[in-house]
């Protein structure tokens, strides 16, 4: 099929992919409810929706990882039963997952060879990897081990793996959540090139400005249903967002804080520490301060040292020979235990709520006890005070609108958004003087995210110092007063949020990576080799 | 000439002492590489030993005995696989259950065979080749199972490093979610790897009851299954190093058995402690290199795989 | 088509029901096994499970066997909650017997009322120290405690064998491998006339109560549970993993050591090459069968004790081999693990809703 510019569909033109009535239920949720739309050849089509709208489920059905309960998939005019990803790949469907399906302890070539099985000759495969990756501006070294590569580089493996199978449809699930703004630009160049060659793109995202830049067709999902189809280049971000969320949008309320006379409540000075994880990032002279009433945002792509920073702040890792580098309300704590730091009124919310911030197999009451037992005085004589603990948990559930049956419910039975509301609520209810939170609203639906943002703002308004570490720049710009960027274990100088542009932040986020990737080359004689 | 000829019988006995360990550990290595931790090796070895002995004694055929040993071990592994891969039971607890069951089951079956004697497996004795001095009896005078163990080491090493299926197995052990997302049948591959491990443990047990000490006695593996588990860790999941470790342990066993003859006046029970103490020492030595372990250990080992459908 | 569907929440009912299911299935298997051996299955089951406890003496024998199982089971269940897998309780039991029994042998002429308490304490210390070895290896060098504690079991058994055939052999014993018998001051008092039921049963009861308070109400119990369920969360709030590993192993080892000295100062009365028919291993099953809960451990201990005396009775009455006991125990654990799946999953029959429209 010769290319039509961005897949403008003519009359009587048969779509490449046609979905009809796709329905899929999981215990407790209806993930997809009678979903249907069309994608034309070479078209770049966006699938929009908030977290939990059913986008990932739908594409997993297209790719054969999940089986639909009902509905039809029509591919190139023929009904298609996709028994598994291998079948999908053979038909010409490629998928780049949000959570990469890569093998850290294996090389690029092995990772690709596991999915591209029709090329048995290793030497030929190696050559093709080098050629194709370079040709699309995503160069790869076949012999590198995945665990040595950055997140952006790993995504290249995923994409090249798909490209080697000559796809007619490439599905990308939230590809830009792990990229710097510059890397996003490069990705878009690659996608446009693919589209002009006749490959259709199904682009899943909740980032409206990106979708506007890239796509001319969009299907919007909400609560598992198709609520609209539109042309993003014609719509406004606001109208699309309202369709996605289904509510009139309300930005979080905050008044500009007067920090001139506020005390410094959290102080980090020259924090340097090698990571405990052989695949981790070493912290290098990280320094910043947060005043009472201030919200400081730390931006950065995944794997820049946020996990290490959080662990150092919370006391999971300690600086035994340098107690001064972390101070809470003036007191040196870098060598102290987590218990000591919490006793001083600092609270922490780690990135992963399942197994780190909360224990899924324990009740909400027990989870409440987990971090609050000292500050809320829930222990007497080495024994747990069950009544006060349950009351505390019930209070959190009530005040923070956590949808659950009560303090005796297992934490694992809550939805992502509700569990995150509970965890944040648990910490806020302890009236801390300092809060550090990593990825506050990751994987959380829009309603819960808004509630959490408001809680953080209100907490800072009561005089607490709040540190927000996030990979979501929109979130940081919405909530924080100052912003600094973490890249490869270094932290940039904090700047007021009004003074910076997304581009500047993007460059800082990229660190050194940008220099390693050459610009996309057209097939001209100026291109070396290939 | 007489100076070095004593080496030959010594090396031969070390090889025979190491063979059961080599079989069992090699099988467990493949199982673990696929991401499954099967602690039931001791139980599977015992079931293999009693199956092999019972069949060989009843039919007079060593070959049938060997096959029965492998089948017995594989069957036990199948039960383990069903519990842990399909019913998603805890792998540690199920492995222990397998051992406890295997000990009891083998004792029960073997009760009617205690005291029986059979002909040990014959040495291969390839004409002409076995007569070469020193190398001859060493390399060509052992029984079939010993050579099978050599072949197995080479086969497993090649399989893991150079074959596509071996790469798939490693991938499943490395990240079962990723392997599933690409479309591989994680559960099926793990069933195969587990049953292979069971068959190998069964062969290890069969070697004990058919060749090493051709008889059956309750609990005759004496903890070799557990030592095999330690050997896999020691070898950091690499077949070559595994072979080294197995022969080292064979050497210790022989040393302990011959201590009195070598003039060491230590009570027999204390000498018998050697292999177990050596296992502990070996584990400590290898555990100190946590980085090497983290890089080589199959990352998803022991975690149950729950695919969404 | 049969499918497993994850439940929203742990089924509390199944937590209590699955041990019952496991026992029922084991009994059914027993019917099959006995038939295969040419015995009348119903009579055999009766001989195995009902006959032994049909007399008062039988009941006391049940408690005598259950005592060490419950003592060790409590200790193991605490450790298993924290994901500390002490498989070497049999070895810790043996060392406890050696320590306590050693005192009795050393002071074989004593009539002091302090001898027995000293022996009990020595047994606890012995078991605790021996469990301290895997604790040290795990906390210091990250060595898996399953393998180390197991290896040490073999070492302990060999040590005991060495002692009773060598330095501690009874000089008046006709060269049998056994120690001299303990003095009366070194024996646990019998608490029920005409039986072998001894003070150890009271100690077991105390262990159950203490264990319950510890796990259900105390902060340390909470820490153990969190460390077992979510080690990252435990680290985050500052629960010290190493300290909890030590605690688990010392408690498990101490109780196993107490069980050991209880056996040799109770029913056995001296040191022999074997002082336990595998209590340390059976206690693992007791812990699981009892859902790692002190009250459950009591019931499970009684059930497993029954398999022991049932096996003995059946051997005498109808000539079944001794190994049948071990077989039943293994089968019980298998069925328990299998029926446990029903606490987190639901069984569903039939395929998911069929696809509408064409599919080929």
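Laid out as a table, the results:
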read-out	value
Proxy reagent accessibility, fewest Cβ within 10 Å first, across B:194, B:86	B:86, B:194
Packing-based exposure ordering (other Cβ within 10 Å, fewest first) of B:271, B:220, C:192, B:44	C:192, B:271, B:220, B:44
Per-bin percent of Cα-Cα distances, the protein assembly as shown [10 Å]	2, 8, 16, 20, 19, 16, 11, 6, 2, 0, 0
Stretchable slack from residue A:507 to residue A:196, in nm (0.36 nm times residue separation minus alpha-carbon distance)	109.1 nm
Chain C, relative contact order in percent, only Cα pairs under 8 angstrom and at least six apart counted	36
Inverse of mean 1/r across different Cα pairs in segment C:54-318, Kirkwood, Å	18.6
Overall form of segment A:265-376 per C-alpha gyration tensor (a/c, 1.5; a/b vs b/c)	oblate
Partner chain coverage, peptide C:321-333 - average Cβ within 10 angstrom	6
Relative contact order (percent, whole number), segment B:169-292, Cα cutoff 8 Å, 6+ residue spacing	16
Relative contact order for chain A, counting Cα pairs under 8 Å that sit 6 or more residues apart, in percent	15
Per-residue average of Cβ from other chains inside 10 Å of A:105-116	4
Considering only the protein assembly as shown, percent of DSSP beta bridges that pair antiparallel, nearest 5	55
Acute angle (nearest 10 degrees) that the helix C:115-141 long axis makes with the longest principal axis of chain C, alpha-carbon atoms	50
Bridge type composition, chain A - antiparallel percent by DSSP, nearest 5	50
Rg and Dmax of segment A:264-514, Cα atoms only, in Å	17.6, 58
Estimated 222 nm signal from helices in the protein assembly as shown, with DSSP H stretches of n ≥ 4 weighted -39500 (n - 2.57), rounded to 500	-16500 deg cm²/dmol
Residues in segment C:36-79 that a label on residue C:318 would reach, taking backbone N under 17 Å of a point 7 Å out along Cα→Cβ	C:36-54
For segment A:298-437: rounded, prolate or oblate by the Cα gyration tensor [a/c cutoff 1.5]	oblate
Principal-axis tilt of helix B:164-174 within chain B, Cα atoms, nearest 10 degrees	70
Helix axis angle, B:224-234 relative to chain B longest principal axis, alpha carbon, degrees	60
Computed FRET value (nearest 0.05) for residue A:99 with residue A:225, which takes r as the C-beta separation and R₀ as 30 Å	0.75
Cα-based shape type of chain A, given that a ≥ b ≥ c are square roots of the gyration tensor eigenvalues and the cut on a/c is 1.5	prolate
Label-point separation, residue A:289 to residue C:180 (7 Å along Cα→Cβ), nm	7.9
Most fluctuating residue given options C:314, C:283, C:131, as computed from a GNM of chain C linking Cα atoms under 10 Å	C:314
DSSP-defined beta bridges in segment A:264-514 - what % are antiparallel, rounded to 5	50
GNM top mover of B:144, B:234, B:116 - chain B, alpha-carbon springs below 10 Å	B:116
B:306, B:190 arranged by Cβ crowding within 10 Å, fewest neighbours leading	B:306, B:190
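Any read-out appearing in this document is the output of simple, stated calculations on the displayed coordinates, not a laboratory observation. Please read all numbers here as calculations on a predicted model, not as lab measurements. We place every Cβ from the backbone using ideal geometry, glycine too, and count neighbours over all the protein chains shown.
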